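*Asks:* Structure in structure tokens, see below.
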Amino acid sequence: MSKVFVIDHPLVQHKLTLMRQKDCGTKDFRQLLSEISMLMAYEVTRELPLEEIEIETPITKCKSKIISGKKLGIVPILRAGLGMVDGWLALVPTAKVGHIGLYRDPETHLPVEYYCKLPMDVAERDLIVVDPMLATGGSSVAAIDFIKKRGYKSITLMCLVGCPEGIQAVQQAHPDVNIYIAAIDEKLNENKYIVPGLGDAGDRLFGTK
């Protein structure tokens, strides 16, 4: 079974509280999401492998460590996931960025794919799928399905706010995918929104509501 890591760093929790408030405007919401994403990326990359190389400082030669192993790819689930990309790229500017377009059918609440474009170097990338909300889990499960069908095996999911139902759905469908999240909220309501949550992240991010 995959592991769930709750990132409870004080800065993350403080900024998340600011985002949750209904009077948090689009500009602030967008900035806070980017800042939290960068802070969370710091934790997600904590276990990256290192190798030792020889370098020369202005004083002398010495052994020092650099990141080794596979390169990273960031895959936002459109559209709200786009708000998490800049935070990642501020920390890992060499990461490639793919995109998966999904929307939730208003009647069935099931995800529908309309776009998928991923980095071509499958064997060389560890992918981080990013989406602010993990509600029913349907979009995350579907996105990971699409990625696996294209040959990727090393996948991590990073979300801002989730609930037990969504976490369980991802773990059941993809027990090999670890989940990093800033908060696990109480439940879903009858409209499949997270309670207490923060509303529709896409609408708040882009000012479309």
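The values are calculated or read from the model by the stated rules, or taken from the named source; none is laboratory data. In this text, all values refer to a predicted model and were calculated from it rather than measured experimentally. Glycine also receives a Cβ, built like all others from the backbone with ideal geometry; neighbour counts cover every protein chain displayed. Quick note on the areas: whole protein, heavy atoms, side chains included, nothing else; ligands and nucleic acids left out. Shrake-Rupley method; radii C 1.70, N 1.55, O 1.52, S 1.80 Å.
*Asks:* Which members of region 152-186 meet the condition of being under 23 Å from residue 29 (Cβ atoms) and charged (D, E, K, R)?
*Replies:* 185, 186 - these are the residues of region 152-186 that are under 23 Å from residue 29 (Cβ atoms) and charged (D, E, K, R).
*Asks:* Kindly list, by first and then second residue, each pair from a residue in region 192-209 that is more than 12 Å from residue 162 (Cβ to Cβ) and among the acidic types (Asp, Glu) to a residue that is open to solvent by less than 20 Å² (accessible area, probe 1.4 Å) and not in a loop (DSSP other than H, G, I, E, B), limited to pairs with Cβ atoms under 9 Å and residues at least 6 apart or on different chains.
*Replies:* Pairs that qualify, where the first residue is more than 12 Å from residue 162 (Cβ to Cβ) and among the acidic types (Asp, Glu) and the partner is open to solvent by less than 20 Å² (accessible area, probe 1.4 Å) and not in a loop (DSSP other than H, G, I, E, B), are 200/80; 203/80.
*Asks:* List pairs: first residue in region 160-173 and free of Cβ contacts under 8 Å to residues at least 40 places away in the same chain, second residue open to solvent by less than 10 Å² (accessible area, probe 1.4 Å) and not in a loop (DSSP other than H, G, I, E, B) anywhere in the structure, Cβ distance under 6 angstrom, at least six positions apart or on different chains.
*Replies:* 162/134; 162/181; 166/134
*Asks:* Between 45, 17, which is of a type in the set (Ser, Thr, Tyr) and open to solvent by 50 Å² or more (accessible area, probe 1.4 Å)?
*Replies:* Criteria check complete, one pass: 17.
*Asks:* Which residues, taken from region 166-183, are over 10 Å from residue 135 (Cα atoms) and either of a type outside the set (S, T, N, Q) or not in a helix (DSSP H, G or I) (or both)?
*Replies:* Within region 166-183, 170, 173, 174, 175, 176, 177, 178, 179, 180, 181, 182, 183 qualify.
*Asks:* Within region 168-178, can one find any residue that is small (Gly, Ala, Ser), modelled with pLDDT under 95 and under 26 Å from residue 45 (Cβ atoms)?
*Replies:* Within region 168-178, none of the residues are small (Gly, Ala, Ser), modelled with pLDDT under 95 and under 26 Å from residue 45 (Cβ atoms).
Okay, residues lined up against (1) open to solvent by 50 Å² or more (accessible area, probe 1.4 Å); (2) closer than 17 Å to residue 84 by Cβ; (3) of a type in the set (Ser, Thr, Tyr); (4) touching a His at 6+ places or on another chain (Cβ under 9 Å):
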{"position": "148", "(1), (2), (3), (4)": "yes, no, no, yes"}
{"position": "152", "(1), (2), (3), (4)": "no, no, yes, no"}
{"position": "159", "(1), (2), (3), (4)": "no, yes, no, no"}
{"position": "206", "(1), (2), (3), (4)": "yes, yes, no, no"}
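Conditions (1) acidic (Asp, Glu); (2) in contact with a Phe, Trp or Tyr (Cβ under 9 Å, 6 or more places away or on another chain); (3) free of Cβ contacts under 8 Å to residues at least 40 places away in the same chain; (4) within 30 Å of residue 18 (Cβ to Cβ), marked per residue:
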{"site": "142", "(1), (2), (3), (4)": "no, no, no, no"}
{"site": "152", "(1), (2), (3), (4)": "no, no, yes, no"}
{"site": "181", "(1), (2), (3), (4)": "no, yes, no, yes"}
{"site": "187", "(1), (2), (3), (4)": "no, no, yes, yes"}
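*Asks:* Only one of (1) over 16 Å from residue 33 (Cβ atoms); (2) surrounded by 20 or more Cβ atoms within 10 Å (Cβ to Cβ); (3) in contact with a strand residue (DSSP E or B) (Cβ under 6 Å, 6 or more places away or on another chain) fails for residue 186. Which number is that?
*Replies:* It is condition (2) that residue 186 fails.
*Asks:* If I ask for residues that are part of a strand (DSSP E or B) and either open to solvent by 30 Å² or more (accessible area, probe 1.4 Å) or without any contact (Cβ under 8 Å) to a residue 24 or more places away in the chain (or both), which ones from region 69-100 would you list?
*Replies:* Within region 69-100, 71, 78, 96, 97, 99 qualify.
*Asks:* Restricting the first residue to region 12-40 and requiring it to be under 17 Å from residue 206 (Cβ atoms) and of a type in the set (Val, Ile, Thr), which pairs with a second residue that is assigned to a loop (DSSP other than H, G, I, E, B) and open to solvent by 30 Å² or more (accessible area, probe 1.4 Å) meet a Cβ separation below 7 Å and a spacing of at least six or different chains?
*Replies:* Short answer, once both residue conditions are applied: 26/207.
*Asks:* Still on this model: Quick check: is even one residue across region 42-55 of a type in the set (A, V, I, L, M, F, W, C), touching an Asp or Glu at 6+ places or on another chain (Cβ under 8 Å) and either in a strand (DSSP E or B) or over 30 Å from residue 203 (Cβ atoms) (or both)?
*Replies:* Looking through region 42-55, none of the residues is of a type in the set (A, V, I, L, M, F, W, C), touching an Asp or Glu at 6+ places or on another chain (Cβ under 8 Å) and either in a strand (DSSP E or B) or over 30 Å from residue 203 (Cβ atoms) (or both).
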